[in-house]
Amino acid sequence: MLRFSTAGESHGEALMAWISGLPAGLPIDFAFMDRELWRRQQGYGRGGRMKIERDSAHFIAGVRAGQTIGSPIALRLENRDWKNWQQAMSVTDPPGDAARPVASPRPGHADLAGAIKFHLPEARYVLERASARETAARVALGALAKMLLRELDIEVLGHVIAVGGARLPESTPVTWEGLRALAAKDEVLLGALDPTAEAAMKAEVDRALRTGDSVGGIFEIRARGLPPGLGSYINWDERLDAELVRAMVSIQAVKAAEIGGGVWAATAFGSEVQDPIHYDPGPHRFQRPSNHAGGLEGGMTNGEEVVVRGYLKPISTLRRPLASVAFAGREPVKAAYERSDVCVVPAAAVVGEAMTALTLARAVLAKCGGDSLYELRRNYQAYWRQVREF
Ligand code: EPS
């Protein structure tokens, strides 16, 4: 069973990531992992922090001579900004004058509920772990999942559909060539497939920058090469669509997720929504002329491309803060402000890819098992043979 978790505070010494259940013998592409981490740091509208950090993962356990050995993998990602926070975030010493308290909770952030829940005097403690800095560790783990999926010819990539009110036209073709070219870019603006739409998205970020506001958006993740039958309708907690939606909404600031044409489907007729089934004796025997289901029917993959969308609310730290209440004294004040991003939709898309890859890798391993890559590949190929013979 593939299990993973992360640890680390935004301005603490480092982020840690842990994953168990990857088969032995998986070659590690170190350059690819660093490239994925770099991709997450890009995008127009990031704050000053991204000028400080250069994320790179350092393996501590689970890898020998460039390959997994079947034991848990542990990774460490340095927080370069820590040097500016050593006193404030010291593990041993009280922070004294360097405490940098978050004195009033920011609406939309974890600050207030977190402080109440953990019985804390202010929200610094909450911010540090609730921060999306944590997603760097998830992207490192997602890179490992992508390496595993790549061995099975499964590919996962994403792109940005909307930033604020600027949206990719429905008619924009979404091809794998296009998605690969987007992921290979050395300069990332907003991660959209269409330059005109991307310019309109940039104008939305500029508007938020001008007015001290923030802006959200929508990203889409696609996965190709999956066999039908991953996930299951047998039990509620084995439904892969539910796992994917959970994975998306677990990303900081993502407030909704959608499989295929999910939101539109709720207002359309059944005859428009369901994807008809055709049969052809060739290699692609069961065919679907459309994919409104986003590759998932009955909680299982159906062999079509998996399409998942994440909807981000605008970042909750605002340069022009909203009304709040001081933790000390409870008097009305403006919400706390500290350096923040204005738009993180392209970064969230990279995190969405990572979470999708981890979720799909777990589903593949649940279906086909295998303690080694050799055994997994054998089981996986045998299942594909069974699918083709059906
Ligand atoms: C974040 C606030 C900003 C972001 C941070 C997430 O950090 P800081 O407060 O240090 O300026 O840059 O994101 C990252 C550091 C990152 O690596 O994505 C927040 O409060 O969520």
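The values are calculated or read from the model by the stated rules, or taken from the named source; none is laboratory data. Owing to the predicted nature of the structure, the values given are computational and were not obtained by experimental measurement. Just so you know, the surface numbers come from the protein's heavy atoms only, side chains and all, with ligands and any DNA or RNA stripped out. Shrake-Rupley method; radii C 1.70, N 1.55, O 1.52, S 1.80 Å.
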- Query: Which whole-Hz ³J(HN,Hα) couplings does the stretch 326-337 yield from phi under the Karplus relation 6.51 cos²θ - 1.76 cosθ + 1.60, θ = phi - 60°, glycine and proline marked x?
  - Reply: 5, 4, 8, x, 6, 7, x, 9, 7, 4, 4, 10
- Taking a 30 Å limit on the Cα-Cα distance, which of the listed pairs 146/313; 83/146; 185/367; 202/255 fall beyond it? 83/146; 185/367
- Give the angle, between 0 and 90 degrees and rounded to the nearest 10, that separates the Cα long axis of helix 240-249 from the longest principal axis of the Cα atoms of the chain. 20
- Message: For the stretch 355-390 and the stretch 160-210, what is the centre-to-centre distance using only Cα atoms, to the nearest Å?
- Response: 34
- Note on the structure: Ranked by GNM mean-square fluctuation in the chain (Cα springs under 10 Å), the top entry among 184, 208, 136 is 184
- Query: What accessible area, in Å² to the nearest ten, does a 1.4 Å probe give for residue 58?
  - Reply: 110
- Message: If you fit an axis through the alpha-carbon atoms of helix 135-151 and take the longest principal axis of the Cα set of the chain, what angle between them do you get, 0 to 90°, nearest 10?
- Response: 10
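Counting DSSP beta bridges with both partners in the chain, what percentage is antiparallel, nearest 5?
Working: 48 of 49 bridges.
Of those bridges, close to 100 percent are antiparallel.
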- Item | Relative contact order for the chain, counting Cα pairs under 8 Å that sit 6 or more residues apart, in percent | 23
- Query: Taking Cα atoms, how many degrees apart are the long axis of helix 373-389 and the longest axis of the chain, rounded to 10 and kept between 0 and 90?
  - Reply: 50
- Note on the structure: Heavy-atom accessible area per residue of the stretch 3-389, all protein chains kept, 1.4 Å probe, expressed in Å², is 48
- Message: Over 40 Å apart: what share of the alpha carbon pairs of the chain falls there, rounded to a whole percent?
- Response: 18
- Query: Applying the Karplus parametrisation 6.51 cos²θ - 1.76 cosθ + 1.60 with θ = phi - 60° to the phi angles of the stretch 3-15, what ³J(HN,Hα) value in whole Hz is obtained for each residue in order, glycine and proline being reported as x?
  - Reply: 10, 8, 7, 10, 9, x, 9, 4, 10, x, 5, 6, 9
- Item | For the stretch 184-192, Karplus couplings with θ = phi - 60° (6.51, -1.76, 1.60), whole Hz, Gly/Pro x | 8, 4, 9, 10, 9, 9, 10, x, 9
- Between the alpha carbon centres of the stretch 34-82 and the stretch 263-288 the gap in Å comes to 40
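If you roll a 1.4 Å probe over the stretch 1-49 with all protein chains in place, what percent of the accessible area is carbon or sulfur?
With neighbouring chains kept in place, the figure for the stretch 1-49 is 57 percent.
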